[in-house]
Structures are given as structure tokens and as C-alpha cells.
Amino acid sequence: MSYNLLKGKKGIISGALDERSIAWRTALKCHEEGAELVLTNAPVAMRMGEINKLAEAVNAPVIGCDVSSNEDVTSLFTKTMEHFGGGIDFVLHSIGMSINVRKGKHYTDIDYGFNAKSLDISAMSLHRMLATAMKMDAINEWGSVVALSYIAAQRVFPDYNEMADAKALLESVTRSFGYHYGVKKHVRVNTISQSPVRTTAGSGVKGFDGFMEYAEKMSPLGNASSDECANYIVMMFSDMTRKVTMQNLFHDGGFSFTGVTEAVIEQMEK
Ligand SMILES: NC(=O)c1ccc[n+]([C@@H]2O[C@H](COP(=O)([O-])OP(=O)(O)OC[C@H]3O[C@@H](n4cnc5c(N)ncnc54)[C@H](O)[C@@H]3O)[C@@H](O)[C@H]2O)c1
């Protein structure tokens, strides 16, 4: 059911790789809620071609952008503003990549060159997007920017590897830039810390299935799905959340504040 929460709003959705992607589910919901969209992903991901199916479904152009390139990010905002004929109301940062995880490097033995690239793509890219948008005055007054995070930013999940540091940095950029963009133009910036979901990025984490099952048992409401995450993002893009900024918002069925559950104790006693 649509509530027209985003009627008249225009936004950029990054990171839709395939139909499991959180960004993919979010683009569908934003479209359903009346938004006009521009989709973007790294040129290498666009070559897979899947994103064209989504572009057709939500009637949006796809603009290639490697978020580690200043030039690409500038071109993304320029082309988006041309397409919309003006400013942007919301941006979804749904981008994560760990080169050390990909290369099978243990956290205690990471390659620092790969690490710099991982932090740049997964965290500083949010800074780059915000800084570029601010310089170009691309985001409208009371606009909303959401990036996706994970609780490994606060607590140790050993196999999450360097992505834990990337998420901690992402949440810090959210606070720091959220302050400046708030003062300057009432633009709000938040992260949503989402339950594990089986996506390409998610299942790259070692032992992912066990990890998901554990989270399910540790969450009073159960794991939050990507469609549920998309609903939360829509709400954050809507005018219903205008005074929420610089926050890390847990969307995890209660996992983050649960010490233990009966289901986990039962399992331990087996
Ligand atoms: N899946 C989970 O369990 C989970 C949980 C919490 C948070 N998140 C976060 O959600 C976000 C989206 O991930 P997802 O799970 O939907 O997986 P996904 O693999 O579908 O999405 C990750 C996206 O990042 C894009 N990307 C990678 N490098 C890029 C670059 N240089 N420039 C532009 N785009 C680039 C990929 O092409 C891909 O579309 C990530 O930030 C991820 O860390 C995921």
C-alpha cells in the first residue's frame, strides 16, 4: 500500500546491484511512494546489466559513478540535477566493499593499501558525496541523506574484519558532516544500522549463515528484512522525520539492546 510519502520528491539511489540489494528494494519502495529517481552504481557493477531491469521498473536513468572518484561524483550530481531540472531531496548511500575480505586477508594481517581503498569506498565516499553536493548546492533545504551501517561499528564481530572500522568511520562522518549540512541548509544525515540480510556484500562475510541465524535468535522481533529496511529509509526520506539528524538508527528487531534471549540460552544448554 502506498501512502504517497515521497510525492514530488527527487532522489539518488546508489548501490542496487541485483534484486537482493537493499538499494534495489529501496528504489522500488521510493517509486511506489511517489518519488522520482536516479540510479547509480560503479561502472563495473553496471556492466552486469541487472540494474537496467530496475531502471525500467522505476522509470529512472542510470548514471555510472565510482564513488572513490571525485570526478565521477561531481558528474553524478551534475547529471542528476540536469535530469531533475533542479535540486535533489534525498540520497541513499548503499555502498560497501572490503578489499581485504575479498583477498581473504585476516584482520590481524591486513594490507594497508587495500585498507585505504576499502575505507575510501565504504566510508569516505559518503563525505565525498556530501562535500560535492554542498559545493554544488545540489541538495534542497530539509533534504535527507541515509547511509547503511552495521553494529560491528560498536561491537566486535570478528569476521566482519576491516568493514567494522569502515562502518565506525561512516557513522562518524554522518555525525560530523550532519552538523555542517544541518547548520548550512537543514539537510539531515543519518545512518541506519541494519540486521544481516543475504545480499552479495552481506554473504561475503565469513560464516554468514551462522551469523544470520544467531542474529535471528538474538532479536526479539527477528531479523529485519531488506523490504523492511526500505520502509524505514522511505520514512527517513519523508517529511515525517525532519528533525532527525546525525543519528545511527538501529533497524535490527531489537538485537542491539538484547543481552541474551531464551532461544539462545536453550541452544547453549543443548
Ligand atoms: N547485507 C547485510 O547484511 C548488511 C547489513 C547492514 C548493512 N549493510 C550495508 O548495506 C549496504 C548495501 O549492501 P547490500 O547488502 O545491499 O549489498 P550489495 O552487494 O547488493 O550492495 C553493495 C553495493 O556497493 C556497490 N559498490 C561497491 N564499490 C563501489 C564503488 N567503488 N562505487 C560505487 N558503488 C560501489 C556495489 O556495486 C553494490 O551495488 C552496504 O553499505 C552494506 O555494508 C548490509
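Taken together, the values in this text are just the output of simple stated rules run on the coordinates, not laboratory data. Please read all numbers here as calculations on a predicted model, not as lab measurements. Heads up, the Cβs are rebuilt from the backbone with ideal geometry, glycines too, and the neighbour counts pull from every protein chain shown.
Using only the alpha carbons, work out the radius of gyration and Dmax of segment 10-269 in angstrom.
Rg, Dmax (Cα atoms, Å): 17.8, 62.
Pop the C-beta distance of HIS186 and PHE257 into the FRET formula with R0 = 35 Å and round what comes out to the nearest 0.05. Working shown, then result.
Details: r = 30 Å, r/R0 = 0.86.
In this case the efficiency is close to 0.70.
Measuring from label point to label point, each 7 Å out along Cα→Cβ, what is the LYS103 to SER2 span in nm?
Modelled inter-label distance: 4.7 nm.
Karplus couplings for segment 152-157 from phi (6.51 cos²θ - 1.76 cosθ + 1.60, θ = phi - 60°), rounded to Hz, Gly and Pro as x?
Here the 3J(HN,Hα) series is 5, 5, 10, 10, 7, 10 Hz.
Order these by the 10 Å Cβ neighbour count, fewest first: SER2, SER125.
Working: SER2 12, SER125 25.
Placing the least packed residue first, the sequence is SER2, SER125.
What are the DSSP H helices in the chain that stretch 18 Å or more along their long axis, judged by alpha-carbon atoms, and whose average Kyte-Doolittle hydropathy comes to at least -0.5?
Result, helices passing both filters: 163-185.
Provide the per-residue ³J(HN,Hα) series for segment 254-260, in order, calculated from phi with Karplus coefficients 6.51, -1.76, 1.60 and θ = phi - 60°, each as a whole number of Hz, with x at glycine and proline positions.
x, 3, 4, 10, 9, x, 7
First select every other residue whose beta carbon is under 10 angstrom from the beta carbon of PHE114; then total the charges, Lys and Arg +1, Asp and Glu -1.
On the way: positive: ARG102, LYS103, LYS105, LYS117; negative: ASP111, GLU162.
So the environment of PHE114 carries a net charge of +2.
If each residue of separation counts as 0.36 nm, what is the full-extension length gain between SER203 and TRP142 once their alpha-carbon separation is subtracted?
18.5 nm
Greater than 20 Å separation of Cα atoms is the criterion. Which listed pairs, LYS9/LYS29; LYS9/LYS53; LYS10/LYS185; LYS167/LYS206; LYS29/LYS217; LYS105/LYS217, meet it?
Correct reply: LYS9/LYS53; LYS29/LYS217; LYS105/LYS217.
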